[in-house]
Each structure stands twice: as structure tokens, then as C-alpha cells.
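Report on one structure; see the data block that follows.
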Amino acid sequence: MIEFLAESGGKVVGIRATGRLTDADYKQTLIPRLEALFKEHGKLNVLFDLGRGFEGWDLEAAWDDASFGLKHRADFGKLAMVGGPAWAQWTIKLSAFLMTGEIKIFPADRLAEAWAWVREP
């Protein structure tokens, strides 16, 4: 499940992922909302909270994630990943060379620090 967090505002967007993400999570929730925010604000600073309960992606959702990330690789000013399993952190690290923005990984217990970082100008 994808949830946009109440702490979001302007070009700063917080997203919590729980359970196993599906194609529907991307096509019905994440992609339309982020596309609208890109149109409204240009580059976004995004915090992905993968703290508790995140189980990964199904195959179609993994494809959605990769293709959306490639399409918008220059549209993220900052991307923070908070928590999540080690394999998800490695996925972000390996894809970092494709992104033009800054990427930083935070342990699950440093959520407040991640919010502060994505809010910095």
C-alpha cells in the first residue's frame, strides 16, 4: 500500500510503503499523484518511508518503479529512503548513478533527520 504523508507540502513529498506493492498501487495512487506534483512544482524532494511492514514489490510493480524512475530521473532534487530491508537499500544505491539528484539512505530510527534533509534548500 502507498500512503502520502500529511507532513508533505509543496515540493517536499513523503510516502510510506507497506505490505507488498502492486501494479495498482503504482498506476492508481503513486504515479498519478507524483505526475501532478511534478507538473505543479517541477523537481521534487521525496522521502520514502519503508520502515515497518514493507515486503517489497510484485513483478509488475517492480517494473513500474524502474520505468517511472528512469522517466523522471532528472526530476528528483533529493530522494531519501528511510528504513527498509538491506536488499531495497542496495537497489537504491545501485540505481543512484542514473539519477541526477541527491540520494541518501537513513536508518528507520532517523525519520526526523530524513525529513529535515529533504526540506533543506
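The values are calculated or read from the model by the stated rules, or taken from the named source; none is laboratory data. Only a predicted model underlies this, so the values are computations on that prediction, with no experimental measurement involved. A quick note on method: Cβ atoms are made from the backbone with ideal geometry, for glycine too, and the neighbour counts reach across all protein chains shown.
Residues that are modelled with pLDDT of 95 or more and closer than 17 Å to Trp117 by Cβ occur in region 30-43; there is at least one.
Please pick out the residue among Gly10, Gly14 that is at pLDDT 95 or above, farther than 20 Å from Ile92 by Cβ and not aliphatic (A, V, I, L, M). Exactly one of Gly10, Gly14 is at pLDDT 95 or above, farther than 20 Å from Ile92 by Cβ and not aliphatic (A, V, I, L, M), namely Gly10.
In region 11-18 there is at least one residue that is farther than 20 Å from Glu113 by Cβ and surrounded by fewer than 18 Cβ atoms within 10 Å (Cβ to Cβ). Residues that are within 21 Å of Tyr26 (Cβ to Cβ) and either out of contact with any strand residue (DSSP E or B) (no Cβ under 8 Å at 6 or more places or on another chain) or among the aliphatic types (A, V, I, L, M) (or both) within region 91-117 comprise Thr91, Ile92, Leu94, Ser95, Ala96, Leu98, Met99, Ile103, listed in sequence order.
Quickly run through region 89-104 and pick out the residues that are modelled with pLDDT of 85 or more and of a type in the set (A, V, I, L, M, F, W, C).
If the condition is that a residue be modelled with pLDDT of 85 or more and of a type in the set (A, V, I, L, M, F, W, C), then Met99, Ile103 are the ones that fit.
Of all the residues in region 1-40, those that are part of a helix (DSSP H, G or I), farther than 20 Å from Glu102 by Cβ and either in contact (Cβ under 8 Å) with a residue 12 or more places away in the chain or charged (D, E, K, R) (or both) number 11. Only a single criterion out of (1) out of contact with any helix residue (DSSP H, G or I) (no Cβ under 8 Å at 6 or more places or on another chain); (2) on the phi < 0 side of the Ramachandran plot is not satisfied by Gly42, namely (2).
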